[in-house]
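The values are calculated or read from the model by the stated rules, or taken from the named source; none is laboratory data. All of these numbers come straight from a predicted model, not from anything done at the bench. Methodologically, a virtual Cβ is constructed for each residue, glycine included, from the backbone with ideal geometry; neighbour enumeration extends over all protein chains shown.
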Amino acid sequence: MTLNGYCRFLTICTLIFPKTLCFLPKQQRVLLLSFDGFRWDYIYKFPTPSFHDIIKNGVHVEQITNVFITKTYPNHYTMVTGLYAESHGIIANEMYDPVLNETFSMNHMTIYNSKFWEDAYPVWITNQMQGHRSGAAMWPGTDVQIHGAFPTYYMHYNESVSFEDRVAKLIEWFISEESINLGLLYWEQPDEKGHLWGPNNPRMKAVIAEIDELLDYLVQELKKAKLWDTLNVIITSDHGMAQSSADRIIELDQYVDKDLYTMIDHSPDVAILPVEGQLDAVFSALVKAHPHMTVYKKEDIPYRLHYRHSSRIQPILAVADEGWEILQNRSDHFELGNHGYDNILPDMHPIFLAHGPAFRKNVSKQTMESTDLYPLLCYLLGIEPLPNNGSLEHVKDLLVSAAPKEPLDRHQEESYAYYSGIVLGSILVLGFLVMFVKHLTRSQVSAMWIQNTEIAQPLLQS
Ligand SMILES: *[C@@H]1O[C@H](CO)[C@@H](O)[C@H](O)[C@H]1NC(C)=O
Ligand SMILES: *[C@@H]1O[C@H](CO)[C@@H](O)[C@H](O)[C@H]1NC(C)=O
Ligand SMILES: *[C@@H]1O[C@H](CO)[C@@H](O)[C@H](O)[C@H]1NC(C)=O
Ligand SMILES: *[C@@H]1O[C@H](CO)[C@@H](O)[C@H](O)[C@H]1NC(C)=O
Ligand SMILES: *[C@@H]1O[C@H](CO)[C@@H](O)[C@H](O)[C@H]1NC(C)=O
Ligand SMILES: [Zn+2]
C-alpha cells in the first residue's frame, strides 16, 4: 500500500468505525403478521399454546393502544406509517373526500383509488426507496399503487387464498436470490367470526384454537426453511372486538329526518354529512338524543383521539358507547360483535408479540402505542423512518441491543456505546500510526513531502 493509500484508509476508518460498530444495528429481516380483530386477552380466555411459546421465547406487550377509529383500514395503515389516521388519510373503512369528490368503500372496490392512500408513504415503499425489497401477502393496501409503487412482490387481494399459500409465498420471497428483508402477512380471522357471533360466544374458543394452529404452522414452516432463528417475527392485530346486542340499538330515524344528511361511515362511528345549511339542525337534534351516543362537531372531537385534521372527517361524528350500535332504524343490518369504539377501551386493544434475534426473551410489558411499531420496524430494517407519531424510545426495552442495565437508562447505553467506539477507533488509529512510522523510516523524506501535498486535498474533502 502506498502512503497515500494508508492515509485514506486511516481517515475512512476513523470517520466510520465508531458508528458502524456501535450505533447502527445490523441490517435485519422482519415478518409482520396481523390476525384481524385478535383482541389482546384472547390468549388468556382460550387455550393458545403457540402464542404462549412465543411469549416465553420472545417479547409480549399485553395491550396495544391502537388509533381511533378502531377499525381495520385506519389501523393497518397506522402500523405501516406510524401516523394517526388524521395524518395518514385512511380515516375509516368508508370515506367520502369532498375535495376529490370521491368515495372509498370496501364494498365497492374503490379502495384501489390511489389518492386516498397518498397522504403517507407506507414502510414497504420507504424500504424499497432505501435499496431493499418488500413482500406482501394480502396486507391491506399492498395491492394498491401508492405514489406510483407496489411492494416488490405482492399478492392481489383474494380472501379465498389459504393461510398456507400466503405463508408459502412469503417464505419463497425470503429465501429467493433477490430476497426480501420485509414481509407483511394478513389473515381475516378472528375478525369475521367475532362479528358474526360476538367475542363472548363460546364458539370463539374453536376460532382461536384454529388461529393458534395457524401460528404453529407458520413457526414450523419457518423452521423448515431455516428462517426461524434469523428472522424477526412480529405478531399483532389491528383492533379487538366488543359484544353487541339487539337490546343496545340507537335508531337515528327516531331523532332526525333522514333526508337532512348522508351517513358516510357506519356504526359504531357514524360519519354524518348534513345537507347544505342543515349542520346545526342535525347536530342539535342528535347531540342529546341518547345517553349512549356521543355526538361531536368535527372541530370539537377531543384532541386525544387525533381525529380532526382531514377533509375526509365529516362535519358531525356520532360515536356509540361500547356494545351499542347506531343504526338508521332497526331494520338495518347489524352483527353481534363490533369494533370502532374509543381507543381508550381495553376491548378495542390488539395483541402484540415478537420473536427473533433483535428481541429479548421472556420479556413482558403493559402497553405501547400502535404508532410505535413503525419506528421499530424501521430500526429493525436499518432504514431511516419518515416523520411519524411514534417513538422508538417507547419500545427500545424490547430489544436485545438496548437490554437495560436496570433501571433502563438510555444515556448510559449511548455513552457506553460511544466510549467503546472511541476505544476501538483509537486502537485502530494507533495500529496505523505504527505502520505509518515504519513506512516513513523506509521511504525517503523528500518523497514524503511530495506525497503529502497530493493527499492534502482528499483528506480535506472527506
Ligand atoms: C361529485 O361527483 C358526482 C358524481 O360522482 C357528481 O354528480 C357531482 O356533481 C360532483 N359534485 C361536485 C361538486 O363536483
Ligand atoms: C381466489 O383464490 C381462490 C383459491 O386459491 C381461487 O380459486 C380463485 O380463482 C381466486 N380468485 C381470483 C379472482 O383470483
Ligand atoms: C329503515 O331504513 C331503511 C334505509 O336505511 C329504509 O329503507 C326503511 O324503509 C326504514 N324502515 C323503517 C321502518 O323506517
Ligand atoms: C420468565 O419470566 C418470568 C417472570 O418474569 C419468570 O418467572 C420465569 O421463570 C421466566 N421463564 C424463563 C424460562 O426464563
Ligand atoms: C403526527 O405526525 C405528523 C408527521 O410528522 C405531524 O404532521 C402531526 O402533527 C403529528 N400529530 C400529532 C398529534 O403530533
Ligand atoms: Zn371487523
| remark: Of the residues in region 264-280, those that are touching a strand residue (DSSP E or B) at 6+ places or on another chain (Cβ under 6 Å) and either within 12 Å of Gln314 (Cβ to Cβ) or exposed (fewer than 13 other Cβ atoms within 10 Å of the Cβ) (or both) come to Ile264, Asp265, Asp269, Val270, Ala271, Ile272, Leu273, Pro274
| message | Going by what's in this entry, would Asp247 be described as acidic (Asp, Glu) and either part of a strand (DSSP E or B) or under 30 Å from Ser105 (Cα atoms) (or both)? | response | yes
| Enumeration of residues in region 302-334 that are away from ligand 3 (no atom under 16 Å from the Cβ) and surrounded by fewer than 16 Cβ atoms within 10 Å (Cβ to Cβ) | Pro302, Tyr303, Arg304, His309, Ser311
| query | If we keep just the residues of region 339-379 that are surrounded by fewer than 19 Cβ atoms within 10 Å (Cβ to Cβ) and β-branched (Val, Ile, Thr), which is farthest from ligand 6 (Cβ to nearest atom)? | reply | Val363
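Per-residue answers, yes or no, for (1) assigned to a helix (DSSP H, G or I); (2) touching a residue at least 24 places away in the same chain (Cβ under 8 Å); (3) farther than 23 Å from Ile383 by Cβ; (4) not assigned by TED's automatic domain parsing to the domain that holds Thr294:
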site: Arg166; (1), (2), (3), (4): yes, yes, yes, yes
site: Leu170; (1), (2), (3), (4): yes, yes, no, yes
site: Leu185; (1), (2), (3), (4): no, yes, no, yes
site: Leu196; (1), (2), (3), (4): yes, yes, yes, yes
site: Val207; (1), (2), (3), (4): yes, no, yes, yes
site: Ile211; (1), (2), (3), (4): yes, yes, yes, yes
site: Glu221; (1), (2), (3), (4): yes, yes, yes, yes
site: Asp253; (1), (2), (3), (4): yes, yes, yes, no
| task | Select, from Leu336, Leu317, the only residue that is among the aliphatic types (A, V, I, L, M), under 29 Å from the mean Cα position of the chain (by Cα) and away from ligand 6 (no atom under 16 Å from the Cβ). | result | Leu317
| If we scan region 125-141, do we find a residue that is within 19 Å of Gly89 (Cβ to Cβ), modelled with pLDDT of 95 or more and hydrophobic (A, V, I, L, M, F, W, C)? | yes
| said: I need the full set of residues from region 313-349 which are within 16 Å of ligand 5 (Cβ to nearest atom) and over 18 Å from Ile64 (Cα atoms), in order please. | reply: Ile313
